[in-house]
1. Strictly over 21 Å apart at the Cα level, which of 201/291; 269/290; 191/323 would you flag in this model?
2. Net charge near residue 253, counting Lys/Arg +1 and Asp/Glu -1 over other residues with Cβ under 12 Å of its Cβ?
3. Compute the distance in nm between two label points, each set 7 Å from the Cα along the Cα-to-Cβ direction, one at residue 280 and one at residue 332.
4. Could you tally the net charge around residue 212, taking each other residue with its Cβ under 13 Å from the Cβ of residue 212, Lys/Arg +1 and Asp/Glu -1?
5. Which of rounded, prolate, oblate describes the stretch 406-457, given a ≥ b ≥ c as roots of the alpha-carbon gyration tensor eigenvalues and a/c under 1.5 marking rounded, otherwise prolate only if a/b is larger than b/c?
6. ³J(HN,Hα) across the stretch 196-202 via Karplus (A = 6.51, B = -1.76, C = 1.60, θ = phi - 60°), whole Hz, x for Gly/Pro?
7. Mind ordering 186-194, 130-138 by average Cβ neighbours within 10 Å, highest first?
8. Once you have a ≥ b ≥ c as the square roots of the Cα gyration tensor eigenvalues for the stretch 353-475, tell me rounded if a/c is under 1.5, and otherwise prolate or oblate according to whether a/b is larger than b/c.
Amino acid sequence: MERTSSALCSPSRRPSKDSANTLIEPPTLSLANRPSNGFIDDSFWSRQSRPTLDWALPCGEEHDSDRASSKSPQVTQQQEPQSDEQHHATLALRPDQPGVVVRIGTGSGQFETPFSISRDDIVALFKELDFSSRFLRRLNGRISMFEHLFSCRHGHKRSSSFSQTPDTLEIALSTFETNGFHCFGTYDLKKRQGRYLVFVKESTPLSPEWTLGWLQASADVLSEFPFLLPNVIMAGVQKHVHNYVAWRVAVNEMEAQIGVTADKRGLEKRGYTAESSDLDQVNNHLSTLKKAVADQRLTVGTIFEHAKAYLRIIELCETLERKFSADVEMSQPREELHGSIVRAEIYLQYLRTIEDILQNHTAALYNRISQHESSLNLAAAQSMKTIAVMTLVALPPTFIATLFSTSIFDSMDASMQWQLLVGACLAVWLVTLTIWILWYRWGNQWTRSVLHTANRAEAALFDRLRSKGLSHSDA
């Protein structure tokens, strides 16, 4: 298979039409008339491009000498550029050879993870991929996105006539969540040649190296159906981040910390944390886990909707490609998309189950917090009871002592004052204690009886009003 370098440079270094390595004539697109929605903006792109991974795979009819090399597609990784020309180099195929060309970078378009290419370079790259300005105006890098456009291009010129059969598909889809990725591509329905630009979020396990390995593993599918690359990326995300075991382990860990399981010893033997007394920390862990489930469900739901929408695109491609070639068989692409849809549905159902379990854990944790607060309130009540008893014992003597400190008793003998003080204190203390015991024993009953009588009288009054056809508001 022949591979050459095609410069992704400014229009002044654009390849000529006669070049054998030119994929398609770049359209007119400059920084002056870039899309008005700000997708090609400084905040999306790095100030300086970083090395990317490039991958090219031939498909369809090939020579015997090329067949062996296509079984193990060669992969090249750009090193730190020594010159501007080397920095912009990428792989390309012959224009008459069906195949797929992919360039993989990092970033998600978010402020902390910009795309690993400068704005000028992405403009040149969009020119090389032959995106139309009409299509680029639809793009938005700060949301989950699914955009596509069928167009007619005859002799490197676009036709806006709807009577002609579209021969090119422009596609852009992305997820803007935790496991974010962006995929841009153009697919020639006539030549069955696809060229794609993929960005994966650098802070997630979906590294460019892993994505490259996944493309190599899917080379048999892409060699026959180059337009399935977006679905291959989505299937890779599903394979890499749909981790059923990790969620189960996280749920078991939360059960062990909250103590809402009958198998505490079994969980401890398997290495899970013992029941925690730091309920604030457990609540923080539970909130973090619930947020992770919500983020994961959002990503899976986005891929689910993307797969359903791309299935319709595949059906349209099937109809259009059969107009160019009668022997096109499209059953496998539909099955691949159905597989992605089913996987997403199953995982969404699993995440719903995890959310229900975490909701039960939240209720159990709140019960534990309520019990803890009740125990604290009970301890406070015991302290207040102790204070009340001490006040009951000390307050009557204090009152009598205060009374005897006045000048009324100055004329009495000191011994008489002491005897009278002790007797008065005992008498007042006994009277106070007797009143408290009588109230504690019979006062509460009398209060409840009075309230019960009042409630019965009120109920009887309402019954009489209802029997006369009157309402409560009329009373």
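Throughout, read-outs are computed from the coordinates displayed, never taken from laboratory work. All of these numbers come straight from a predicted model, not from anything done at the bench. Here the Cβ positions follow ideal geometry from the backbone for every residue, glycine too, while neighbour counts run over all protein chains shown.
1. Numbers: 201/291 19 Å; 269/290 26 Å; 191/323 12 Å.
Pairs exceeding the cut-off: 269/290.
2. Details: positive: 248, 270; negative: 255, 268, 275.
Once positives and negatives cancel, what remains is -1.
3. The two pseudo-label positions are separated by 6.0 nm.
4. Numbers: positive: 103; negative: 54, 209.
Local net charge: -1.
5. Values: a/c = 10.38, a/b = 3.89, b/c = 2.67.
Since a/c reaches 1.5 and a/b is larger than b/c, the shape of the stretch 406-457 is classed as prolate.
6. Each residue's phi maps through the Karplus curve to give 9, 10, 10, 10, 10, 5, 5 Hz.
7. Numbers: 186-194: 22.6, 130-138: 17.8.
Averaged packing, sorted descending, gives the order 186-194, 130-138.
8. Values: a/c = 4.58, a/b = 1.61, b/c = 2.85.
It is oblate, given that a/c is not under 1.5 and a/b is not larger than b/c.
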